[in-house]
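Heads up: the structure comes next, in structure tokens.
The values are calculated or read from the model by the stated rules, or taken from the named source; none is laboratory data. It should be emphasised that the depicted structure is a prediction, and the values quoted were computed from it without experimental measurement. Glycine also receives a Cβ, built like all others from the backbone with ideal geometry; neighbour counts cover every protein chain displayed.
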Amino acid sequence: MFENILYHSEIVKLLKDDIKNKKLPSSLLVYGDVYTGKLTAALELARVLSCEKKGEWSCSCSSCEQHRILDYPGTVLLGSHYFLEEIEACADVLRRNRNITGQYQFIRAVRKLTRRFDQQIWKGLDNKLKGLSTELEKIELIIEKVQPGAELPNEKKMNKLLIDAGKICKKIIDYISSENIPISHIRNITFWSHTTFTGAAKVIIVEGVDSMGESTRNALLKIIEEPPPNVYFILISSRKNKIIPTILSRVRPYNFRSRTDSEDKTILKRIFKDESEEYRNLRDYFMGMKGINLSILRQYANKIFVTVLNKKELDIDDFSELIDIINENNILKIFLEEMLLLLHSKIPGYSEDSLSLDILTEWNELIHRTIANKITYNQNTKLLFENLLYQMGNIS
């Protein structure tokens, strides 16, 4: 039980104890930084709750067999996720390791995306999915060809298959709002949660609960206040402080701490079969899969800090290449995260004594505020960046 949840032994113990003592709440909040295994844990909990036996990962019951390929009808997934980079990473694993483990990883990565389009979520909204049914059918045909137990295509055909899968998934992702969950989805799963189901439990997993609009939050709040019997809500967030208090008061929190770089490297070797030592951690690895050159972003982040600390004026023209990069790939948030990482570690050439705590605190708050403005209001990237540089210069 929970064998695939790595480096979170405290949470695993809590969940096991809650299940054993029948004290597991109907609404849970799984929170922590990105890439800490929150969705993996939520899916594993859903499997354990529906298992017909003792909950081991290798269980042969029909529910667990469906869960291992994310095909269990009693679990639904809402919200956004880092779909493409995970799909690309797992496709790469399957390309290099033509075995059952690679097959499971790839199928699960794809279905973390496709299961967001279950009928119980989109009922009555067919007009918004015009053209998508064909893509969903295409990706399921690809999944059938790599199912555990199936004879895999030769290397050339497999490579084409995985490339095609990536292209199809890119089209499917366009139908998912990057930040917001429509109220219609909550209303639909509320109705579904009250319908008859033959399995042991229904589980609704909601990612990005921190960025819901007011009407959607209110609809979710209403159902988690009084969920039907044997219905569980697992809310996932990387920004607990952005969740409204009325929702926080109705969920039991489980904090997923950030893993160390060393722990992440072990996961890269064990799960993603990466022995290159090229990446510091999972975040670097997934960004690489997304085609993002973090080293360039780090160089510019350092350039900004050094310029300000040397009391020089920040000239927007000096960052034209950076603006092109973050505009083209819509990665302002990722660049700002690199700034935060640099700020929280050590800016090269500057000791803690040379930087006042007040300035560091103000910079930290300013960068977080810029990220929030991008996420919540999707403000213009160039204007946000220019405003950031102007305010940083004023703070110093």
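For every residue, the table says whether it meets (1) in contact with a Cys (Cβ under 9 Å, 6 or more places away or on another chain); (2) buried (at least 21 other Cβ atoms within 10 Å of the Cβ); (3) of a type in the set (D, E, K, R).
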| site | (1), (2), (3) |
| --- | --- |
| Ile5 | no, no, no |
| Asp17 | no, no, yes |
| Pro25 | no, no, no |
| Ala46 | no, yes, no |
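Just one residue in the set Lys290, Lys382 is surrounded by 12 or more Cβ atoms within 10 Å (Cβ to Cβ), among the basic types (Lys, Arg) and more than 23 Å from the chain's Cα centre (by Cα); that residue is Lys382. Being surrounded by 15 or more Cβ atoms within 10 Å (Cβ to Cβ), under 26 Å from Thr260 (Cα atoms) and of a type in the set (Gly, Ala, Ser), is that true of even one residue in the range 336-347? No.
Applying a threshold of 8 Å to beta carbon distances and a minimum spacing of six or more residues, or different chains, the list of pairs starting in the range 188-208 at a residue that is under 17 Å from Lys123 (Cα atoms) and without any contact (Cβ under 8 Å) to a residue 40 or more places away in the chain and ending at one that is basic (Lys, Arg) and part of a helix (DSSP H, G or I) reads Thr190/Lys222. When Leu132, Leu77, Leu94, Leu125 are checked against the criterion of being at pLDDT 95 or above and more than 14 Å from Lys273 (Cβ to Cβ), Leu77 stands alone in meeting it. Could you check, for the range 174-187, whether at least one of its residues is within 24 Å of the chain's Cα centre (by Cα), modelled with pLDDT of 95 or more, acidic (Asp, Glu) and surrounded by fewer than 16 Cβ atoms within 10 Å (Cβ to Cβ)? Taking every residue of the range 174-187 in turn, none turns out to be within 24 Å of the chain's Cα centre (by Cα), modelled with pLDDT of 95 or more, acidic (Asp, Glu) and surrounded by fewer than 16 Cβ atoms within 10 Å (Cβ to Cβ).
What are the residues in the range 298-328 that are loosely packed, with under 14 Cβ neighbours inside 10 Å and not aliphatic (A, V, I, L, M), if any? Working first, answer last.
Of the residues in the range 298-328, the ones loosely packed, with under 14 Cβ neighbours inside 10 Å are 299, 310-313, 315-317, 320-321, 324, 328.
Gln299, Asn310, Lys311, Lys312, Glu313, Asp315, Asp317, Ser320, Glu321, Asp324, Glu328 - these are the residues of the range 298-328 that are loosely packed, with under 14 Cβ neighbours inside 10 Å and not aliphatic (A, V, I, L, M).
Just one of the listed residues (Lys333, Lys311, Lys374, Lys382) is outside any helix (DSSP H, G or I) and either of a type outside the set (A, V, I, L, M, F, W, C) or at pLDDT 90 or above (or both), and it is Lys311.
Residue check: is Phe256 among the hydrophobic types (A, V, I, L, M, F, W, C) and in contact with a Gly (Cβ under 8 Å, 6 or more places away or on another chain)? Yes.
So which of Leu268, Leu282 is surrounded by 14 or more Cβ atoms within 10 Å (Cβ to Cβ), among the hydrophobic types (A, V, I, L, M, F, W, C) and free of Cβ contacts under 8 Å to residues at least 40 places away in the same chain? If you could, list the steps in order and put the result at the bottom.
Details: Leu282 fails: free of Cβ contacts under 8 Å to residues at least 40 places away in the same chain.
Selected residue: Leu268, the only one of Leu268, Leu282 that is surrounded by 14 or more Cβ atoms within 10 Å (Cβ to Cβ), among the hydrophobic types (A, V, I, L, M, F, W, C) and free of Cβ contacts under 8 Å to residues at least 40 places away in the same chain.
Can Arg68 be described as surrounded by fewer than 21 Cβ atoms within 10 Å (Cβ to Cβ), closer than 25 Å to Ile143 by Cβ and touching a helix residue (DSSP H, G or I) at 6+ places or on another chain (Cβ under 9 Å)? Even if it seems obvious, please write down each step before you answer.
On the way: surrounded by fewer than 21 Cβ atoms within 10 Å (Cβ to Cβ): yes; closer than 25 Å to Ile143 by Cβ: yes; touching a helix residue (DSSP H, G or I) at 6+ places or on another chain (Cβ under 9 Å): yes.
Taking the combined requirement at face value, the residue satisfies it.
Note on the range 222-236: residues that are touching a Lys or Arg at 6+ places or on another chain (Cβ under 7 Å) and in a helix (DSSP H, G or I) amount to 2. The set of residues from the range 209-242 being β-branched (Val, Ile, Thr) and either closer than 19 Å to Gln66 by Cβ or in contact (Cβ under 8 Å) with a residue 60 or more places away in the chain (or both) comprises Val209, Ile224, Val231, Ile234, Ile236.
For (1) surrounded by fewer than 23 Cβ atoms within 10 Å (Cβ to Cβ); (2) outside the structural domain of Thr196 (by TED's automatic domain parsing); (3) out of contact with any helix residue (DSSP H, G or I) (no Cβ under 9 Å at 6 or more places or on another chain), each residue gets a yes or a no:
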site: Lys20; (1), (2), (3): yes, no, yes
site: Leu49; (1), (2), (3): yes, no, no
site: Ser58; (1), (2), (3): yes, no, no
site: Ala91; (1), (2), (3): no, no, no
